[in-house]
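For reference, the structure is listed below as structure tokens.
The values are calculated or read from the model by the stated rules, or taken from the named source; none is laboratory data. If you're wondering where the values come from, they're calculated on a predicted model, not measured in any experiment. Cβ: placed from backbone, ideal geometry, glycine included. Neighbour counts: every protein chain shown.
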Amino acid sequence: MEKNTKVSLGIFAGTVITAMGIISATAGSLAWYAYSRSVRISFIGTSIAKSALLNVGIVDDSHYLTDEKVAQYELVRETYDNHSIVFSRSTDGIDYHVIQDYLFRSPYAVNLLFPVTTQTRALSTTTALSLYESPVYGVTTINAPAKTNHYVVLPLAFRMADSDGQTIETDVWLTDCKVQASGENIDQALRVFIENSQRKFLMRPSDKTMVNGVTKVGGILDLDGDGTYDYNLSNHNELYYGEYDGTLVHASTEYGIDKEHAPYVNVNGVTDLTESTFYSKHNEFAKIIDTTQITPKTAGYYTFGTVKPMVDSQGKYVEGATGFKMTTTNSADGIGYVTFTIFIEGWDHVVVDKAANYNFNLGLKFETNLD
């Protein structure tokens, strides 16, 4: 049986500090990691038969990590493929301070994730990721690009070499993924986009099933928080946010049932029947949409269960019915690259007002095959 080397990526341990709705006129925010000494990119095992070492670094072409910081944390800056990479020592992990300092000077989020939204996306391993701002009350077309400081982009490099410094070509796999949250189901809104030279794909890390999923990227919403679905104040037509197939057909007359007596209507197919952005009542003055005439479009994602590799008869990780390589270290210099984009999907039905003050943690474990 082949031996595996492992590296754990445990950089997400945070608190949700928002007290506002996620899809609303005033956006909330979620912390993606706390400033805790437990936050680090750390190794579970650093050697293979005492002869080969797996090292991880941050691709830092813009030198967000200053020379002072590199020296302070006893890191090493090296150049490969015209990339400037800051590596930890082979026996050390990357301390949370390094991640914090890197992100602090980058244009991306440091520890707060604001809700962003995807648009229609096929289940594909070649399509680039586009992120947009969450919808605002009265504006049904969502086309404003998400602010870069609302999500995290972390470019990593893996290096494999033996004790003599000879580089080794090997595949790096994502073999374990742990997501925990203090609030029920809030973890399901976390998304990770993984991009390497071979493929690009979106993953919902909390989902361990073997069935890929979709997120609806359109719906009738209560964004002003008045307890009824939004409608146009001029013509009284109910509003449909996001993208859809079909034709919007409105009733010819107003709904006519006052809020106190109107029933809740689950137009978005939510599972938690609690009043929220996605679960409300039709306004008595609204000409409501005929939901039988429209279908919300979707953004497809892979689950962790379908990303995790298969294991062959010799105990080797392989691609098969499931399994994606995270990256491959090349034989020339032993370097493999993979970029992670981490964000909160505002279209997920759990991302509502009650999602305030929750904690969540995400840990990723990588392994390689070597004889």
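Below, the figures for the structure above:
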| item | result |
| --- | --- |
| Subset tally (residues that are closer than 30 Å to ASP171 by Cβ, surrounded by fewer than 21 Cβ atoms within 10 Å (Cβ to Cβ), modelled with pLDDT of 95 or more and touching a Gly at 6+ places or on another chain (Cβ under 7 Å)) for region 254-312 | 1 |
| Selection from region 124-149 of residues that are aliphatic (A, V, I, L, M) and within 15 Å of the chain's Cα centre (by Cα) | ALA128, LEU129, LEU131, ALA146 |
| For THR18: the one exception among (1) in contact with a Ser or Thr (Cβ under 6 Å, 6 or more places away or on another chain); (2) at pLDDT 70 or above; (3) part of a loop (DSSP other than H, G, I, E, B); (4) not acidic (Asp, Glu) | (2) |
| Scope region 120-164; condition polar (S, T, N, Q) and in contact with an Asp or Glu (Cβ under 6 Å, 6 or more places away or on another chain); matching residues | THR120 |
| Region 109-129 - residue that is closer than 12 Å to GLU345 by Cα and out of contact with any helix residue (DSSP H, G or I) (no Cβ under 9 Å at 6 or more places or on another chain) and, of those, surrounded by the most Cβ atoms within 10 Å (Cβ to Cβ) | THR117 |
| Residues that are assigned to a loop (DSSP other than H, G, I, E, B), surrounded by 15 or more Cβ atoms within 10 Å (Cβ to Cβ) and modelled with pLDDT of 90 or more, drawn from region 75-108 | LEU75, SER106, TYR108 |
| Residue match in region 139-155 (condition: modelled with pLDDT of 90 or more, surrounded by 21 or more Cβ atoms within 10 Å (Cβ to Cβ) and farther than 24 Å from ARG204 by Cβ) | no |
| Condition broken by TYR231, with the remaining ones in (1) within 22 Å of THR118 (Cβ to Cβ); (2) buried (at least 19 other Cβ atoms within 10 Å of the Cβ); (3) at pLDDT 85 or above satisfied | (1) |
| Counted residues, region 56-73 - those being farther than 14 Å from ILE99 by Cα and assigned to a loop (DSSP other than H, G, I, E, B) | 2 |
| Members of region 109-133 that are part of a loop (DSSP other than H, G, I, E, B), β-branched (Val, Ile, Thr) and over 30 Å from THR167 (Cα atoms) | VAL110, THR118, THR120, THR127 |
| Region 287-322, residues that are touching a Leu at 6+ places or on another chain (Cβ under 9 Å) and farther than 21 Å from LEU202 by Cβ | ILE289, ASP290, GLN293, ILE294 |
| Exclusive hit being small (Gly, Ala, Ser) and at pLDDT 90 or above, set GLY183, GLY165, GLY219 | GLY219 |
| All strands (runs of 3 or more DSSP E) inside region 233-351 with 2 or more residues being free of Cβ contacts under 8 Å to residues at least 24 places away in the same chain, within 24 Å of MET210 (Cα to Cα) and touching a helix residue (DSSP H, G or I) at 6+ places or on another chain (Cβ under 7 Å) | none |
| Filter pass, THR209 being among the β-branched types (Val, Ile, Thr) and modelled with pLDDT of 95 or more | no |
